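Q: Below is the structure I would like to discuss, written out as structure tokens.
The values are calculated or read from the model by the stated rules, or taken from the named source; none is laboratory data. Worth saying up front: this structure is predicted, and the values here are computed from it rather than measured. All Cβ positions, glycine included, derive from the backbone under ideal geometry; neighbour counts span all protein chains shown.
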Amino acid sequence: MDLGLNGRRAAVAAASAGLGLAAAASLAAEGASVVVCGRDQARLERAVKGLAGDIRTVVGDVSTVDGALEFMAAADLLLGGVDILVTNGPGPSAGTAVGTAVTDYPAALELNLTSQVAMCLAVVEQMRQRRWGRIVAITSIAVRQPIAGLVLSNTARAGYTGFLKTLAREVASDGITVNSLQPGLHRTDRLRTLHGDNVDALAGTIPAGRLGRPEDFGACVTWLCSEQAGFVTGVHIPVDGGAYAALL
């Protein structure tokens with residue numbers, strides 16, 4: 001199936017590994033020109049080596065508003081405009097609600113909320129002018145079902161989801177879709193950092209009986225960016241192998 005992405009221009013944040021890299025690889029394989037960022041040039045080059053399609057790299061840190069805006073400016077310059085934005089970023093440190101100081105929140109909110117908002121605002125007006133655009137945010141299943149011990153991530157990503165829903169309704173008539181994917185447990189470096197040697201045991205908690213594959217997640221991102229998904233906006237979709245159990 002032709003997804004209508006040949007020649008589209010995509011910026012994928014924090015894509016030197018994991019779900020971000022999988023999204024970039026999938027978009028490029030469908031013919032999009034892609035710019036990815038990461039904090040380490042050597043790691044970026046290793047990550048994209050051998051991938052099919054047009055993928056360019058930018059060294060940048062999107063954990064701050066300034067860094068996020070620098071990445072968007074670089075992507076715009078390299079691509080001549082951005083049709084597709086995939087926002088992403090590392091999660092903040094672990095902590096419980098009662099054990100996390102209020103002074104820890106500003107940095108976490110900048111990491112997973114305001115820097116992400118800044119990227120959206122940097123491209124939405126040009127998308128409006130072209131009357132076509134796709135914004136896909138990589139957030140977390142924690143938005144629906146907070147994860148114990150990750151209060152900073154739970155809080156920041158829930159706030160970002162509220163922004164995305166509001167933005168989606170404001171720009172829907174301009175041909176722009178705004179959606180998010182809420183990954184559950186995928187076999188990524190982030191999961192290994194949090195769970196160490198217990199990663200494989202986590203598969204038993206998932207109805208699908210396995211951890212998610214980053215490439216499967218990347219395909220979900222790419223479909224939301226497609227022409228076929230043009231009437232899908234303002235939705236926040238769990239990609240978790242059936243782990244989320246509630247009806248809504």
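Q: Kindly establish whether Ile84 is modelled with pLDDT of 95 or more and under 15 Å from the mean Cα position of the chain (by Cα). Talk me through it step by step, then tell me what you get.
A: Numbers: modelled with pLDDT of 95 or more: yes; under 15 Å from the mean Cα position of the chain (by Cα): yes.
Considered against the rule, which asks whether it is modelled with pLDDT of 95 or more and under 15 Å from the mean Cα position of the chain (by Cα), Ile84 comes out as yes.
Q: When the range 56-101 is examined, which residues are found to be in contact with a Ser or Thr (Cβ under 8 Å, 6 or more places away or on another chain), among the hydrophobic types (A, V, I, L, M, F, W, C) and crowded, with 21+ Cβ neighbours inside 10 Å?
A: Val62, Ala68
Q: Now for a separate question. Is it the case, given these coordinates, that Ala24 is surrounded by fewer than 22 Cβ atoms within 10 Å (Cβ to Cβ), of a type in the set (Gly, Ala, Ser), at pLDDT 95 or above and under 30 Å from Gln228 (Cα atoms)? Steps first, answer last, please.
A: Details: surrounded by fewer than 22 Cβ atoms within 10 Å (Cβ to Cβ): no; of a type in the set (Gly, Ala, Ser): yes; at pLDDT 95 or above: yes; under 30 Å from Gln228 (Cα atoms): yes.
So Ala24 fails the test.
Q: Just the residues that are under 14 Å from the mean Cα position of the chain (by Cα) and not polar (S, T, N, Q), please, taken from the range 129-141. First the steps, then the outcome.
A: Of the residues in the range 129-141, the ones under 14 Å from the mean Cα position of the chain (by Cα) are 134-141.
Hits for the range 129-141 are Arg134, Ile135, Val136, Ala137, Ile138, Ile141.
Q: Same structure again: In the range 230-240, which residues are out of contact with any Phe, Trp or Tyr (no Cβ under 6 Å at 6 or more places or on another chain) and either surrounded by fewer than 20 Cβ atoms within 10 Å (Cβ to Cβ) or under 17 Å from Lys165 (Cβ atoms) (or both)? If you could, list the steps in order and put the result at the bottom.
A: From the range 230-240, those out of contact with any Phe, Trp or Tyr (no Cβ under 6 Å at 6 or more places or on another chain) are 230-237, 240; that's our starting set.
If the condition is that a residue be out of contact with any Phe, Trp or Tyr (no Cβ under 6 Å at 6 or more places or on another chain) and either surrounded by fewer than 20 Cβ atoms within 10 Å (Cβ to Cβ) or under 17 Å from Lys165 (Cβ atoms) (or both), then Gly230, Phe231, Val232, Thr233, Gly234, Val235, His236, Ile237 are the ones that fit.
Q: Only helices (runs of 4 or more DSSP H) wholly contained in the range 1-82 count here; list those with 2 or more residues that are over 21 Å from Arg134 (Cα atoms). Spell out how you get there, then give the answer.
A: Working: elements: 18-29, 41-48, 65-79.
The helices (runs of 4 or more DSSP H) meeting that bar are 41-48, 65-79.
Q: Restricting to the range 159-218, count the residues that are part of a helix (DSSP H, G or I), aliphatic (A, V, I, L, M), surrounded by fewer than 19 Cβ atoms within 10 Å (Cβ to Cβ) and in contact with a Lys or Arg (Cβ under 8 Å, 6 or more places away or on another chain).
A: Qualifying residue count, the range 159-218: 1.
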